[in-house]
Structures are given as C-alpha cells and as structure tokens.
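Each remark here refers to the structure printed beneath this line.
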Amino acid sequence: MRGSLAGRLDRIAAVHFHAPSIDQGVIAFIWAIALGTYLYFFLVATGSSGAFAFVISAVSAFGIWLFVRTRGEDAPA
C-alpha cells in the first residue's frame with residue numbers, strides 16, 4: 001500500500017492561491033474606460049449631444065486614469 005493514492009495525498013503541501021499581480025497602469029486604464037463609458041451613456045441618456053458627451057467622457061476618463069494611476073496603489077504594510 002506504499003504507492004497507493006491515499007498514501008501520496010497526505011504528503012502534498014497545502015497551496016495558497018491568490019490573484020495574479022496586475023500592473024497599476026492596467027488597473028487605472030480599466031477604471032478609466034469603465035467610468036468614462038458609464039459617463040458617456042449617462043450624458044447621452046440625459047439629452048446631451050453625442051459629440052459633447054464623447055469629449056466630456058474622454059477628458060474625464062483621462063482624469064480618472066491619472067488619479068487612479070498616481071493615487072490608487074495600496075501602500076505596503
């Protein structure tokens with residue numbers, strides 16, 4: 001019984017799974033695109049023209065990206 005499956009399973013070490021590390025710039029880009037898109041559709045739904053909504057959303061997305069990129073990272077403990 002030395003080579004049985006039950007004998008081998010008790011010697012496998014526990015594995016700690018965690019999310020992969022994603023660069024802060026990628027996270028900032030995802031936030032900027034998501035919130036910029038949300039803002040665009042909000043502006044169009046409330047009666048703004050498409051061009052105005054696009055410009056405001058693009059400027060806001062850049063501001064969101066810059067804010068999250070510079071201030072969004074967790075400080076190490």
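Miscellaneous remarks
- A protection proxy built from the mean count of other Cβ atoms within 10 Å ranks the segments 51-57, 63-69, most packed first, as 63-69, 51-57.
- Spin-label pair Ile27/Arg71, simplified geometry with 7 Å Cα→Cβ offset, distance in nm: 1.6 nm
- Distance (nanometres) between label positions extended 7 Å along Cα→Cβ at Ser48 and Ala34: 2.0 nm
Only the coordinates and a few stated rules stand behind these numbers; no lab work does. Just so we're clear, the structure is a prediction, and the values are computed from it rather than from any experiment. Please note: Cβ atoms are built from the backbone with ideal geometry, for glycine as well, and neighbour counts cover all protein chains shown.
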